[in-house]
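Structure record follows, encoded as structure tokens.
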Amino acid sequence: MGAYSVVHVYVHVPFCARRCSYCDFAIAVRRDVPSEHFTELVLREWDAWQEHPAWGESPDVRTIYLGGGTPSRLSGAAVARLLEGIARRRGIVSGAEVTLEANPDDVTPAAARTWRAAGVNRVSLGVQSFDPAVLRWMHRTHTAEQVAPAVEALRSAGIEELSLDLIFGLPAALGRDWDADLARAFALAPEHLSLYGLTVEEHTPLGRWTERGDVAPVDEERYALEFLGAHQALAANGFEHYEVSNAARPGRRARHNSAYWRRAPFVGLGPSAHSGFGPVRQWNLRDWSAYARALAEGRNAVAGREELGAEAVSLEEIYLGLRTVDGVSVERLPPESIGAWEAQGWAEATPGRRVRLTAEGWLRLDALAASAAGGSG
Ligand code: SF4
């Protein structure tokens with residue numbers, strides 16, 4: 001494995017107060033979060049990475065992302081220790097983006113101040129909806145009333161980069177007013193919004209409700225209407241819809257996620273976290289207990305590793321490129337695909353001989369990327 005300048009670090013914090021009805025992430029439901037234990041293990045893993053042959057010449061860290069799970073359930077002291085520990089082994093550049101995912105019910109003025117003092121400068125808040133009935137259906141632990149005070153606490157603490165997560169494409173029977181939820185999100189003046197379409201995953205409460213016929217998933221038409229409606233509303237409110245699920249005010253794109261879409265090298269720490277360097281990627285044990293046991297016994301926590309061939313790397317680059325407004329260079333796509341997509345209004349040419357998908361194209365992202373596969377190289 002050659003040397004790469006790894007400058008992006010992801011930490012998966014698996015703990016949640018309970019499992020949301022739609023969630024199949026690698027989480028551990030805990031009332032009491034083992035913050036100290038978790039931090040110690042993650043830093044042990046980080047220490048081991050320093051000797052890894054993938055590291056380039058002492059690169060400093062440019063982005064850190066504490067995701068989950070619910071990182072806001074870690075103690076403030078653990079967040080501080082985690083960031084200190086990362087910085088002790090490898091410099092963090094001045095102005096680095098340091099993001100923490102938080103649920104609104106965990107955000108207090110004191111917690112927000114602690115995170116900011118620890119070096120967090122960006123918070124991604126899991127709002128999902130402002131509709132109380134929808135939040136209950138989702139098994140979220142927060143209420144709609146907790147969102148505005150959480151935003152206020154974060155702003156007062158000096159968090160200048162705020163992202164809100166919302167979920168669309170909910171079953172029609174819930175009667176969710178998507179436009180109203182978007183309007184409430186815009187009113188909170190975030191710099192960034194992530195809009196995710198609900199997917200029904202097996203082995204989740206939603207998966208079981210759907211299988212039993214208790215819930216009818218959203219139909220394609222409604223899903224498309226909500227996605228395209230959001231695309232328009234984002235533009236009308238000064239946001240650039242820069243990736244299929246993400247929008248930002250000018251200059252406020254998520255730097256960590258953007259690095260991932262460029263296939264920049266990154267290190268993932270914590271259970272289920274993925275790391276990637278060029279064609280190589282590896283992932284950790286998914287289960288928190290198995291991860292903790294492996295590290296406690298002096299083993300590493302890696303569960304698998306693969307090296308992609310040139311064709312697979314190329315396909316991934318095309319797929320990731322088509323997710324963003326930067327698109328891909330025309331040479332990467334079969335000319336007949338470009339022509340057909342443009343004729344349908346699914347893609348458009350951009351300066352620099354690049355092509356990108358439109359919002360209509362993003363609705364068909366997987367199919368279009370797969371159909372373009374034949375022309376990659
Ligand atoms: S808070 Fe997030 S990670 Fe935790 S169960 Fe809910 S959706 Fe999943």
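The values are calculated or read from the model by the stated rules, or taken from the named source; none is laboratory data. All values derive from a computational prediction rather than experimental measurement. Glycine gets a Cβ as well: all are built from the backbone with ideal geometry, and neighbour counts include every protein chain shown.
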Counted residues, the range 86-100 - those being in contact (Cβ under 8 Å) with a residue 40 or more places away in the chain, within 18 Å of Gly67 (Cβ to Cβ) and outside any helix (DSSP H, G or I): 2
Subset of the range 275-304 [closer than 30 Å to Leu368 by Cβ, free of Cβ contacts under 8 Å to residues at least 40 places away in the same chain and not small (Gly, Ala, Ser)]: Pro279, Arg281, Gln282, Trp283
Flag if Ala80 is modelled with pLDDT under 95 and either within 16 Å of the ligand (Cβ to nearest atom) or under 22 Å from the mean Cα position of the chain (by Cα) (or both): no
The range 15-38 - residue that is acidic (Asp, Glu) and more than 21 Å from Pro171 (Cα to Cα) and, of those, nearest to the ligand (Cβ to nearest atom): Asp32
Among residues of the range 239-260, those that are crowded, with 21+ Cβ neighbours inside 10 Å and either free of Cβ contacts under 8 Å to residues at least 12 places away in the same chain or part of a helix (DSSP H, G or I) (or both), counted: 2
Filtered residue count, the range 98-127, keeping only those that are more than 16 Å from the ligand (Cβ to nearest atom), closer than 22 Å to Ala259 by Cβ and crowded, with 21+ Cβ neighbours inside 10 Å: 4
Candidate set from the range 141-161 (those that are surrounded by 19 or more Cβ atoms within 10 Å (Cβ to Cβ), more than 16 Å from the ligand (Cβ to nearest atom) and under 20 Å from the mean Cα position of the chain (by Cα)); member that is nearest to Ser21 (Cα to Cα): Val151
Test: Gly91 is surrounded by fewer than 16 Cβ atoms within 10 Å (Cβ to Cβ), more than 22 Å from Arg116 (Cα to Cα) and at pLDDT below 95: no
So Leu74, is it under 28 Å from Pro149 (Cα atoms), within 23 Å of the chain's Cα centre (by Cα), within 16 Å of the ligand (Cβ to nearest atom) and without any contact (Cβ under 8 Å) to a residue 60 or more places away in the chain: no
Matching residues, the range 45-71, being of a type in the set (D, E, K, R), touching a residue at least 12 places away in the same chain (Cβ under 8 Å), over 21 Å from Asn257 (Cα atoms) and assigned to a loop (DSSP other than H, G, I, E, B): Glu57
The listed residue being among the aliphatic types (A, V, I, L, M) and touching a residue at least 60 places away in the same chain (Cβ under 8 Å), out of Val79, Val33, Val29, Val11: Val11
Residue count for the range 305-330, restricted to those that are in a helix (DSSP H, G or I) and farther than 22 Å from Tyr242 by Cα: 4
Breaking point among (1) surrounded by fewer than 20 Cβ atoms within 10 Å (Cβ to Cβ); (2) more than 24 Å from Asn237 (Cβ to Cβ), for Met138: (1)
Residue in the range 284-298 that is in contact with a Lys or Arg (Cβ under 8 Å, 6 or more places away or on another chain) and surrounded by 22 or more Cβ atoms within 10 Å (Cβ to Cβ) present: no
